[in-house]
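This is the structure, below, for whatever I ask next.
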Amino acid sequence: MAELTICDYTRGLRHGIPIALGYLSVSFSFGIAAVSQGLDWWVAVLISMTNLTSAGQVAGLGIITAGGTFLEMALAQFIINLRYALMSLSLSQKLSAKYATLHRAITAFAMTDEIFAVASGEPGEVRPAYMYGLATLPFAGWSLGTLLGGLAGTLLPELLCAVLGLAIYGMFIAIIIPPARDSVGVCAVVVLAAAMSCALRYIPAFSGISSGFSIIICAVLASAAGALVFPRKKQGEEAEQ
Amino acid sequence: MRLLGYIAVMALVTYAIRAIPFVLFRKKINSRFVQDFLYYVPYAVLSAMTIPAVLYATDHIVSAAVGAAVAVVLAFFRRGLLTVALSACGAALAVELVMLYLL
């Protein structure tokens with residue numbers, strides 16, 4: 001197939017290296033978290049290989065261990081991962097004219113924040129071979145990191161596993177704090193979501209609300225409030241995350 | 001098997017969100033509200049998932065709180081993801097060891 005060239009593929013591969021290294025460490029902490037919450041290591045790897053997303057997987061873990069319903073799982077994944085729809089939509093504008101539907105269907109699986117950001121930064125149009133190359137190492141890193149974390153969680157002393165469970169939250173904090181410093185809107189959304197999350201957790205009247213629904217409620221209300229009160233100034237800024 | 005059911009639901013919903021716009025849509029979203037809403041969603045999700053759950057991520061609330069505080073300070077000064085995460089773990093480990101052997 002003319003649209004699958006080695007040159008495009010290797011270019012994508014190279015661009016995927018830093019993403020893969022980052023994923024290795026994030027998924028390592030996901031693997032540990034999954035095992036410390038009672039899942040087998042291979043279940044953690046299966047989740048990573050079929051989902052390829054951090055926040056959605058951690059929320060999913062919480063719903064699985066709490067014994068939530070399938071509907072709750074579907075709604076939570078929908079809200080948490082809704083941003084990918086915007087990214088797919090945005091990147092679909094940049095695809096080459098010959099980008100076949102089959103290739104679209106396959107490469108869409110790898111639409112993550114980082115892969116989207118790098119692909120959006122490509123000068124000119126994006127071809128399928130480039131997307132396959134770009135997705136290869138991050139997918140491998142995400143899967144391998146989960147495997148290593150899952151095995152480490154099984155082997156490491158309990159004390160070490162317990163503190164390593166903080167790693168994934170540390171990364172979440174590292175993702176939200178710098179933009180919250182720079183943007184009043186992001187800061188307000190972060191504080192509002194945190195406040196609502198605490199309210200849902202600690203106020204007895206809300207004790208029937210499970211963790212999955214709590215995230216859905218907080219995310220929808222805080223984001224809607226942010227969009228109403230702090231609309232962003234310019235169009236087309238999706239790439240900045 | 002219920003566990004595989006959960007994983008199938010997660011994977012299918014997540015894939016559908018990514019693939020449907022990528023395969024079908026060729027136009028851009030025009031609503032400013034929807035654009036801004038989607039822009040804020042990741043931050044709201046991560047914040048709600050982290051607070052207060054981070055306090056229960058270790059064996060003791062004290063070590064988790066110290067670890068989280070270290071993460072917030074380092075993130076405020078724009079340290080990288082890995083630095084922030086490992087420093088939080090290190091701080092929590094130090095607190096756990098103090099509680100185990102010195103208190």
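The values are calculated or read from the model by the stated rules, or taken from the named source; none is laboratory data. What you see is a predicted model; the values in this text were computed from it and never measured. Note that we place each Cβ from the backbone using ideal geometry, even for glycine, and neighbour counts take in every protein chain shown. Heads up: the accessible areas ignore ligands, DNA and RNA and are worked out on the full protein's heavy atoms, side chains in. Shrake-Rupley method; radii C 1.70, N 1.55, O 1.52, S 1.80 Å.
With the requirement that a residue be assigned to a helix (DSSP H, G or I) and acidic (Asp, Glu), what does the stretch B:11-69 give you? Even if it seems obvious, please write down each step before you answer.
In the first step, residues of the stretch B:11-69 are kept if they are assigned to a helix (DSSP H, G or I); the result is B:11-23, B:32-50, B:53-56, B:61-69.
Scanning the stretch B:11-69 gives a single hit, B:ASP36.
Taking the condition in contact (Cβ under 8 Å) with a residue 12 or more places away in the chain and over 20 Å from the mean Cα position of the chain (by Cα), does B:VAL95 pass?
yes
Would you kindly identify the helices (runs of 4 or more DSSP H) lying entirely within the stretch A:37-123 that contain at least 2 residues that are more than 8 Å from chain B (Cβ to nearest Cβ) and surrounded by fewer than 21 Cβ atoms within 10 Å (Cβ to Cβ)?
A:41-51, A:54-66, A:70-80, A:101-107, A:113-120
So which residues in the stretch A:157-178 are more than 7 Å from chain B (Cβ to nearest Cβ), surrounded by fewer than 24 Cβ atoms within 10 Å (Cβ to Cβ) and touching a residue at least 24 places away in the same chain (Cβ under 8 Å), if there are any at all?
Within the stretch A:157-178, just A:CYS161 meets the criteria.
Okay, next question. Residues of the stretch A:12-36 being under 12 Å from A:GLN57 (Cβ atoms) and within 10 Å of another protein chain (Cβ to nearest Cβ), which ones?
A:VAL26, A:SER29, A:ALA33
What number goes with the only condition from (1) within 7 Å of chain A (Cβ to nearest Cβ); (2) more than 24 Å from A:VAL220 (Cα to Cα); (3) open to solvent by 30 Å² or more (accessible area, probe 1.4 Å) that B:VAL84 does not pass?
Unmet for B:VAL84, out of (1) within 7 Å of chain A (Cβ to nearest Cβ); (2) more than 24 Å from A:VAL220 (Cα to Cα); (3) open to solvent by 30 Å² or more (accessible area, probe 1.4 Å): (3).
Could you run through the stretch A:193-214 and say how many residues are open to solvent by 80 Å² or more (accessible area, probe 1.4 Å) and facing another protein chain (nearest Cβ under 8 Å)?
Residues meeting the conditions: 2.
Answer with yes or no whether A:CYS187 is open to solvent by 40 Å² or more (accessible area, probe 1.4 Å) and either modelled with pLDDT under 95 or not assigned by TED's automatic domain parsing to the domain that holds A:MET73 (or both). Break it down stepwise before answering.
Values: open to solvent by 40 Å² or more (accessible area, probe 1.4 Å): yes; either modelled with pLDDT under 95 or not assigned by TED's automatic domain parsing to the domain that holds A:MET73 (or both): yes.
Spelling it out, A:CYS187 is indeed open to solvent by 40 Å² or more (accessible area, probe 1.4 Å) and either modelled with pLDDT under 95 or not assigned by TED's automatic domain parsing to the domain that holds A:MET73 (or both).
Ok, one more. Determine whether B:ALA65 is out of contact with any strand residue (DSSP E or B) (no Cβ under 9 Å at 6 or more places or on another chain), modelled with pLDDT of 95 or more and open to solvent by less than 30 Å² (accessible area, probe 1.4 Å).
No, not satisfied.
Do we find a residue being outside the structural domain of A:ALA74 (by TED's automatic domain parsing), modelled with pLDDT under 85, over 29 Å from B:PHE77 (Cβ atoms) and hydrophobic (A, V, I, L, M, F, W, C) anywhere in the stretch A:215-224?
Yes.
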